[in-house]
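Here is the structure we will look at, set down as structure tokens.
Please treat every number below as a calculation from the coordinates, not as lab data. If you're wondering where the values come from, they're calculated on a predicted model, not measured in any experiment. Backbone-built Cβ (ideal geometry, glycine too); neighbour counts: all protein chains shown.
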Amino acid sequence: KILGAMAEDGVGLDEVYGFGEGLVRNLGTIGFTFRAVGDKLENVEIGKGIHGEPGVYTMPACGDFEGIVEFLLKKLEKCVPKAAEVVLLVNNLGGTSEFLMGIFLKSLLDKVKLSYAVKRTYCGTFLSSLDQAGISVTLLNLGYSPKLLQYLDYEVTVPSMLFGRKRCNLPPSAVATVSPMDVLQVSSGVPTCTFTEQFGAKLASTVITFV
């Protein structure tokens, strides 16, 4: 996304390549896989590849993501120093439910914000395996270049891009939230519209982005 925005702006290939080399030295990614059994996370394997390559660490069964989050952040601190301004990307490896993704993201943000200044948070399926319950976490150090956010926010027409699409009505850096109470305050002139339909319509017209 970043290098594509540079190229679109007319930056030469050599400069784009050099920028990309520096970019990978200023970010870190680590992932893990697991199996959800009832209220437990079992077979936790950290560092497992998207094609099933064995991980480098295993953890005992646990009841939440807290210990996993702490372990991941200790590893990421070796790539991105504490107190840095960062972009956080949380990637679904393909087989993780949205429910568990939300729980993990909450646990992660609570811890990340203690050590970093998070300027953007992206959560979704960006690179996945065929069907593997797992999550990867990426931290990008914004100190590398003042233009990183500009490039990340660059508008594109790629349908699969989860942020920065031209068809969005709000800029990617905007924060928009929808409260069920907002939906309840609808005009009584639409009596046939159910609460679910009202909320869905409002949500569909809103871009939700974390900052």
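A few notes on this one:
- Residue count for the stretch 23-33, restricted to those that are assigned to a strand (DSSP E or B) and either closer than 19 Å to residue 110 by Cβ or aliphatic (A, V, I, L, M) (or both): 3.
- The stretch 35-83: number of residues that are surrounded by 13 or more Cβ atoms within 10 Å (Cβ to Cβ), hydrophobic (A, V, I, L, M, F, W, C) and outside any loop (DSSP other than H, G, I, E, B): 12
- Within the stretch 4-27, considering residues that are among the aliphatic types (A, V, I, L, M) and free of Cβ contacts under 8 Å to residues at least 40 places away in the same chain, the one surrounded by the fewest Cβ atoms within 10 Å (Cβ to Cβ): 13
- Among the residues of the stretch 125-143, those identified as buried (at least 16 other Cβ atoms within 10 Å of the Cβ) and either in a helix (DSSP H, G or I) or among the small types (Gly, Ala, Ser) (or both) are 128, 129, 133, 134, 136, 142.
- Selection within the stretch 4-22 - in contact with a Leu (Cβ under 8 Å, 6 or more places away or on another chain) and of a type outside the set (Gly, Ala, Ser): 16, 19
- Among residues of the stretch 126-139, those that are touching a Leu at 6+ places or on another chain (Cβ under 8 Å) and without any contact (Cβ under 8 Å) to a residue 40 or more places away in the chain, counted: 1
- Residues in the stretch 56-105 that are touching a Phe, Trp or Tyr at 6+ places or on another chain (Cβ under 9 Å) and free of Cβ contacts under 8 Å to residues at least 12 places away in the same chain: there are none.
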